[in-house]
1. On the given criteria, is residue 55 away from ligand 2 (no atom under 16 Å from the Cβ) and crowded, with 24+ Cβ neighbours inside 10 Å?
2. Kindly evaluate residue 216 against the criterion of being of a type in the set (Phe, Trp, Tyr), within 15 Å of ligand 1 (Cβ to nearest atom) and open to solvent by 30 Å² or more (accessible area, probe 1.4 Å).
3. Does region 170-189 include one or more residues that are more than 17 Å from residue 231 (Cβ to Cβ), more than 16 Å from ligand 1 (Cβ to nearest atom) and open to solvent by less than 10 Å² (accessible area, probe 1.4 Å)?
4. Given the conditions (1) touching a residue at least 12 places away in the same chain (Cβ under 8 Å); (2) open to solvent by 10 Å² or more (accessible area, probe 1.4 Å); (3) of a type in the set (Gly, Ala, Ser); (4) not in a strand (DSSP E or B), which single one is not true for residue 296?
5. Suppose the filter is of a type outside the set (A, V, I, L, M), within 13 Å of ligand 1 (Cβ to nearest atom), outside any loop (DSSP other than H, G, I, E, B) and within 19 Å of the chain's Cα centre (by Cα); does residue 105 pass it?
Amino acid sequence: MHLNITQPDDLHLHVREDAMMSLAISHTARVFARAIIMPNLATPIISTEAALAYRANILLAIPKDSNFIPLMTIYLTDNTPPSEVEKIKSNQHIHAIKYYPAGATTNSDSGVTNLSKTYKILEQMEKHDVPLLVHGEVTDSDIDIFDREKIFIERHLNVLINDFPSLRIVFEHITTKEAVDFVNESSKNIGATITAHHLLLNRSHMLVGGIKPHLYCLPVLKRETHRTALLEAATSANPKFFLGTDSAPHTIKKKESACGCAGIYTAHAALELYAEIFEQENALDKLEGFASQFGADFYNLPHNSRKITLEKSPQTIPATFPVENDAIYPFRAGESVAWRVSQ
Ligand code: DOR
Ligand code: ZN
């Protein structure tokens, strides 16, 4: 079985730096034409200048035969000047600003402590139509980790869309039925990315039969009813839902630790994993919209002109990908993925 589709885009990707970046970029550029690059480096990308310098490093890591284009973002802090928005607007390489609640996830310590501190810049973003990408989880210590997305919608997203009704927002890596409902019920300027891992797994996969550190990510995997809601959203052909892998490499040392990092690495087989999901849902005809059209439309980008071919032919995923003195443990390590991209 073959599937010929427009070359896809990954609207949420972590590529890190140095050796890890080379690996992540080569895996993504093998299939995807463009990716929205997350700015949460150890030293976060908090300005247009920093984003352009980061972009220059990424360009050096792109394989020669690839047409891959990195779409850069900036990390929002309590102190990001509102004037940054006009700088972004006049630069063709920067596409959005990412909002991490301080302390919510990897390298988010410089994130926003209180949304009210960013209202001046949000006003500018709304005026100049620069999208806000949201890591939608509260960080309050009294809120259970499985409820953090749901409470974020109730306490913060509802306020945000009320105060900035024209602001374009991507609710990133949604994991709950509540998030699906919120996006469905909101105006057309609210979109959402959905990862392959949240479509494939529920929290039991991570915790039953022994804890699986390589399946730990944020927002954390949820119960099966939520996964079902995500499957329905992704295969609904509603253009508000589009592909964003949140592929997030960490070394094995950092994952298999007394305090393991959050992040699942899927870049080596991302589109193939989504194809498995869409096939299981009898929705292969909906994959192209989700993977190659709706995200581009949301970001006002043209559709890619190249086509790629997915083939129903199993491939075995390597046990590890070496990186310097350590390695990355890929999703499905040593196991099979039912599809491959044959170009
Ligand atoms: O699992 C995650 N990993 N979730 C995030 O929000 C960040 C990411 C990372 O950068 O490692
Ligand atoms: Zn992410």
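The values are calculated or read from the model by the stated rules, or taken from the named source; none is laboratory data. Every value quoted in this text rests on a predicted model; they were computed, and no experiment measured them. With ideal geometry, Cβ positions are generated from the backbone for all residues, glycine too; neighbour counts draw on all protein chains shown. Accessible surface is based on the protein model in full, side chains and every heavy atom, while ligands, DNA and RNA are left aside. Shrake-Rupley method; radii C 1.70, N 1.55, O 1.52, S 1.80 Å.
1. Here the answer is no, as residue 55 does not meet what is asked.
2. Working: of a type in the set (Phe, Trp, Tyr): yes; within 15 Å of ligand 1 (Cβ to nearest atom): yes; open to solvent by 30 Å² or more (accessible area, probe 1.4 Å): yes.
In short, yes.
3. no
4. The failed condition is (2).
5. Working: of a type outside the set (A, V, I, L, M): yes; within 13 Å of ligand 1 (Cβ to nearest atom): yes; outside any loop (DSSP other than H, G, I, E, B): no; within 19 Å of the chain's Cα centre (by Cα): yes.
Against the criterion (of a type outside the set (A, V, I, L, M), within 13 Å of ligand 1 (Cβ to nearest atom), outside any loop (DSSP other than H, G, I, E, B) and within 19 Å of the chain's Cα centre (by Cα)), residue 105 does not qualify.
Each row is one residue, and each column tells you yes or no for (1) open to solvent by 30 Å² or more (accessible area, probe 1.4 Å); (2) modelled with pLDDT of 95 or more.
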site	(1), (2)
67	yes, no
86	yes, yes
92	yes, yes
97	no, yes
109	yes, no
134	no, yes
138	no, yes
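Every residue, every condition in (1) over 19 Å from the mean Cα position of the chain (by Cα); (2) of a type in the set (A, V, I, L, M); (3) over 22 Å from residue 9 (Cα atoms), yes or no:
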position: 290; (1), (2), (3): no, no, no
position: 297; (1), (2), (3): no, no, no
position: 310; (1), (2), (3): yes, yes, no
position: 336; (1), (2), (3): yes, no, yes
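Listed here are the residues, each with its yes/no results for (1) touching a helix residue (DSSP H, G or I) at 6+ places or on another chain (Cβ under 8 Å); (2) at pLDDT below 95; (3) open to solvent by 10 Å² or more (accessible area, probe 1.4 Å).
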site	(1), (2), (3)
254	no, no, yes
257	yes, no, yes
260	yes, no, yes
264	yes, no, no
270	yes, no, no
273	yes, no, no
277	yes, no, no
284	yes, no, yes
290	yes, no, no
